[in-house]
Amino acid sequence: MSGTNSILVAMSLGVLGLAAAFLYFKQELARRRSAEMLLLQQTQRERLVAEIAQHIRRSLDLDEILATTVEEVRRFLQADRVLIYRLWDDGTGSAIHETALSPYPSVLGQTFPEEVFPLAYHQAYASGKTRAIPDVDRADVEACLADFVKQLGVRAKLVVPIIQENRNDASSGNAAAADSKPYLWGLLIAHQCSRPRQWDDWEVELMKQLATQVAIAIQQSELYNRLQQLNTELEQRVGQRTAELATANETLRAEIAERQRTEHALRHTNNTLQALIAASPRAIVMLDRESRVKIWNPAAERIFGWTEAEVIDRPNPLHLANRESDYATLHASVLQGAIYNRLEFCQPKKDGTLIDIIFSAAPLPDSEGDINGVVAVIADITEHKQRDEQLRLLQSVVVNTNDAVIITEAEPVDAPGPRILYVNEAFTRITGYRAEEVLGQTPRLLQGPKTDLAELQRVRTALARWEPVTVEVINYRKDGSEFWNEFSLVPVADRKGWYTHWIAVQRDTTGRKRVDEIRLALEREKELSALKIRFFSMASHEFRTPLSTVLAAAQVLENSQAEWDNTEKRLRNLHRIQDSVRNMVQLLDDILTINRAETGNLAFNPKPLNLELYCRHFVDEMTLNIDARHTLTFTCQGTAIPICLDEKLLRSILSNLLSNAIKYSPKGGNVELSLAYQPENVLLQVRDRGIGIPPEDRKHLFEPFHRGKNVRSISGTGLGLVVVKKCVDLHQGTIHFTSEVDAGTTCWIVLPLQTSNAPAIPNPINNASN
């Protein structure tokens, strides 16, 4: 029993020991955590103070520093409101910076009476007093202050003074006032509105440190402002002194300037007069009482030919033609006070050439009013009189000419067009319109249903480009009758190059037009007669030859039983008949094709076509019908592109070109057909190495029944290329040749991928490989 008790006692002691150890470790852990928290808070507090101090050193903007301080303090202390309360000299105060959480009211900018912070408290706070109130309801707070903070919803508050140690230095800049009393600038206040709060010593210490930094910032800002004020005052004093010196100098300069202005005005007047005399386009001559030349300007040199050096201080060289005494009489009259204006004379120049002049003269008085000379202004009007004479002649031509002359405004080009300003009598004779009926109208009143719109568009284009143009159209007279009207339009520009008018010269060409029509009809009749002769000559030859072949082959088969019984010979004669008939049918087809194309009845039915595959098949088909001397090759370049073509017309194009290439290569050789796809066209090329085309025949390639002079005995009709040209034109394509005699010919045909009257291609055409 005693052993059991011993064990229980030992176990109890062990448990107690463990409990004591656990409690010790727990307390130690709490102490360490408390120490870490204190260390962390101290570190954060020191960091906050350092940041604000650094901010103060970086910036002189006091508002920015105070705003940063209240925001950082509120965030660090987790307070509901932090503000800086500024105390004014009259005892009142204002919240000049504040940060507050919602929904607590803001007091920023409000001014509070002296009772909120009585003067009795100033001395205590100026000595460094701080006040921490954990619970406003339980603290010993004056009734008025308690009511005030309750209105703001404050439950706890912490107040720290902002003190300036050397206020006098900051405000007056006097270094001798270093022993002045501390100055209470304001308060740094933290509010807790959500609950009572016990303020820790480190929080109070933090607020005091921050208040010290704020005081430093305030003093620094005030010193800076004072420095700025002193600098401004210094600048004002310097400016005032400078103004005084400037005023003193101004009086002295005024007298000098006045003299200089007088001298300058005199020089300017003299220079102006000299410049006017030198630049004047009219001759200016001044004579003294003895008629000696005192002034002779450049215009006088240019007009009369004497230089200034030749006439200055010498007798006047001017003498009127055949009236030598007139200048002396005029000179004497002007010296008596007479004035002459715009007298016209004929005056000889230095070289004896006579010129027309306008002469004006006036007396020249001195400062006392006595006349001591004569000044004359002379203008050369020779060219002016010549232009007047030319204008009179031109006016006579315009009035008396048989062609109508119309002058219009320069604009507008578009409807309704430029207005008519002048018409001559010939216009009335041609159109029947009197001048008063058309002035202010536009030339469009002469146009009618048969007036060629294309020619009018040419006129409109020329008007827009300020270019001359000549057209011939059908216009209408006042009575409605038609007449052919050829007119030329020319723009007229002023001296500056600005176009101001259009001049139209119109001629009634109805009679000439009728003569031209008769002449063209006769020429067409001659061409038609020549064409008929060539046609009958060709037809008689081209039909007689195959008909003779047919007749001979038929007679052989009819009269020779041996020829009929011999299968090979019978087939040879039958093939001759078939070939001859086929040639005649081809000739008739060509003639019909040309006739239908000329009359506009040639059918054109473009459809989607695999052009590469079609060309390959056609070349293979042609290869079966040529002899061993010739070879046909086909090449294709580029990626196949959908195209619409008339297959029947394409066959006529290829058969005629390839047949000609083979026929006119009597020595044999290779005939090449190539196809090339381009972005908007396809290019067909046929090339041979035959006899070529002589240069004199190339301009007649597309004339019916025309054949080259070097074809000799090679049969043909002269219709193949005409058919090809008609078929290419229907496809809206182009055809051209290059050729060299005895070296060969190359033909190029360019066809558009989509013609205007071709159907739309819904899907891409498969290429040959598909």
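Within the stretch 220-234, residues that are open to solvent by 70 Å² or more (accessible area, probe 1.4 Å) reach partners that are part of a helix (DSSP H, G or I) and of a type in the set (Gly, Ala, Ser) with beta carbons closer than 9 Å, at six or more positions or on different chains, in the pairs Leu223/Ala170. Pairs are defined by a Cβ separation below 9 Å, a sequence spacing of at least 6 or placement on different chains, a first member in the stretch 652-667 that is more than 20 Å from Val741 (Cα to Cα), and a second member that is of a type in the set (Phe, Trp, Tyr); the pairs so defined are Leu654/Tyr614; Leu654/Phe618; Ser655/Phe618.
In the stretch 373-414, what residues are hydrophobic (A, V, I, L, M, F, W, C), in contact (Cβ under 8 Å) with a residue 60 or more places away in the chain and open to solvent by less than 30 Å² (accessible area, probe 1.4 Å)?
Val374, Ala376, Ile378, Ala379, Ala404, Val405, Ile406, Ala410
Number of residues in the stretch 473-527 that are outside any helix (DSSP H, G or I), farther than 19 Å from Val438 by Cα and open to solvent by 100 Å² or more (accessible area, probe 1.4 Å) equals 3.
So that you can scan it fast, the table gives a plain yes or no per residue for (1) among the polar types (S, T, N, Q); (2) within 24 Å of Glu203 (Cα to Cα); (3) part of a loop (DSSP other than H, G, I, E, B); (4) modelled with pLDDT under 85:
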| position | (1), (2), (3), (4) |
| --- | --- |
| Arg86 | no, yes, no, no |
| Thr99 | yes, yes, no, no |
| Asp135 | no, yes, yes, no |
| Arg138 | no, yes, yes, yes |
| Ala146 | no, yes, no, yes |
| Lys150 | no, yes, no, yes |
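Among the residues of this structure, Leu456 counts as one that is within 23 Å of Glu482 (Cβ to Cβ), in a helix (DSSP H, G or I) and out of contact with any Cys (no Cβ under 7 Å at 6 or more places or on another chain). Inclusion of Glu425 among residues that are open to solvent by 80 Å² or more (accessible area, probe 1.4 Å) and touching a helix residue (DSSP H, G or I) at 6+ places or on another chain (Cβ under 8 Å) is warranted. Whenever a residue of the stretch 611-639 is within 17 Å of Leu649 (Cα to Cα), its partners that are open to solvent by 70 Å² or more (accessible area, probe 1.4 Å), lying with C-beta atoms within less than 9 angstrom and at least six residues away or across chains, give the pairs Leu613/Asn766; Tyr614/Glu647; Tyr614/Arg651; Phe618/Arg651.
Does the stretch 344-351 include one or more residues that are loosely packed, with under 10 Cβ neighbours inside 10 Å, within 20 Å of Leu273 (Cα to Cα) and among the charged types (D, E, K, R)?
Looking for residues that are loosely packed, with under 10 Cβ neighbours inside 10 Å, within 20 Å of Leu273 (Cα to Cα) and among the charged types (D, E, K, R), one finds none in the stretch 344-351, hence no.
Is the stretch 685-708 home to any residue that is in contact with a His (Cβ under 8 Å, 6 or more places away or on another chain), among the hydrophobic types (A, V, I, L, M, F, W, C) and at pLDDT 85 or above? No, there is no match, as no residue in the stretch 685-708 is in contact with a His (Cβ under 8 Å, 6 or more places away or on another chain), among the hydrophobic types (A, V, I, L, M, F, W, C) and at pLDDT 85 or above. A Cβ distance below 6 Å, combined with a sequence gap of six or more or placement on separate chains, defines the contacts here; from the stretch 108-122, residues that are touching a residue at least 24 places away in the same chain (Cβ under 8 Å) and closer than 15 Å to Arg86 by Cβ reach residues that are assigned to a helix (DSSP H, G or I) and open to solvent by 40 Å² or more (accessible area, probe 1.4 Å) in the pairs Val116/Phe148. Based on what the data block shows, is Tyr422 hydroxyl-bearing (Ser, Thr, Tyr) and part of a loop (DSSP other than H, G, I, E, B)? Considered against the rule, which asks whether it is hydroxyl-bearing (Ser, Thr, Tyr) and part of a loop (DSSP other than H, G, I, E, B), Tyr422 comes out as no. Can you confirm whether the stretch 441-463 contains a residue that is touching a residue at least 24 places away in the same chain (Cβ under 8 Å), open to solvent by 60 Å² or more (accessible area, probe 1.4 Å) and of a type in the set (A, V, I, L, M)? For the stretch 441-463, residues touching a residue at least 24 places away in the same chain (Cβ under 8 Å), open to solvent by 60 Å² or more (accessible area, probe 1.4 Å) and of a type in the set (A, V, I, L, M): absent.
To keep it simple, each residue is scored yes or no on (1) open to solvent by 30 Å² or more (accessible area, probe 1.4 Å); (2) within 17 Å of Cys193 (Cβ to Cβ); (3) of a type in the set (Ser, Thr, Tyr).
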{"residue": "Leu77", "(1), (2), (3)": "no, yes, no"}
{"residue": "Asp80", "(1), (2), (3)": "no, yes, no"}
{"residue": "Leu83", "(1), (2), (3)": "no, yes, no"}
{"residue": "Arg86", "(1), (2), (3)": "no, no, no"}
{"residue": "Ser94", "(1), (2), (3)": "no, no, yes"}
{"residue": "Glu98", "(1), (2), (3)": "yes, yes, no"}
{"residue": "Tyr104", "(1), (2), (3)": "yes, yes, yes"}
{"residue": "Val107", "(1), (2), (3)": "no, yes, no"}
{"residue": "Gln110", "(1), (2), (3)": "yes, yes, no"}
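For the stretch 643-671, a tally of residues being of a type outside the set (A, V, I, L, M), surrounded by 19 or more Cβ atoms within 10 Å (Cβ to Cβ) and part of a strand (DSSP E or B) returns 1.
The values are calculated or read from the model by the stated rules, or taken from the named source; none is laboratory data. All values reported here derive from a predicted model rather than from experimental measurement. Please note: Cβ atoms are built from the backbone with ideal geometry, for glycine as well, and neighbour counts cover all protein chains shown. Quick note on the areas: whole protein, heavy atoms, side chains included, nothing else; ligands and nucleic acids left out. Shrake-Rupley method; radii C 1.70, N 1.55, O 1.52, S 1.80 Å.
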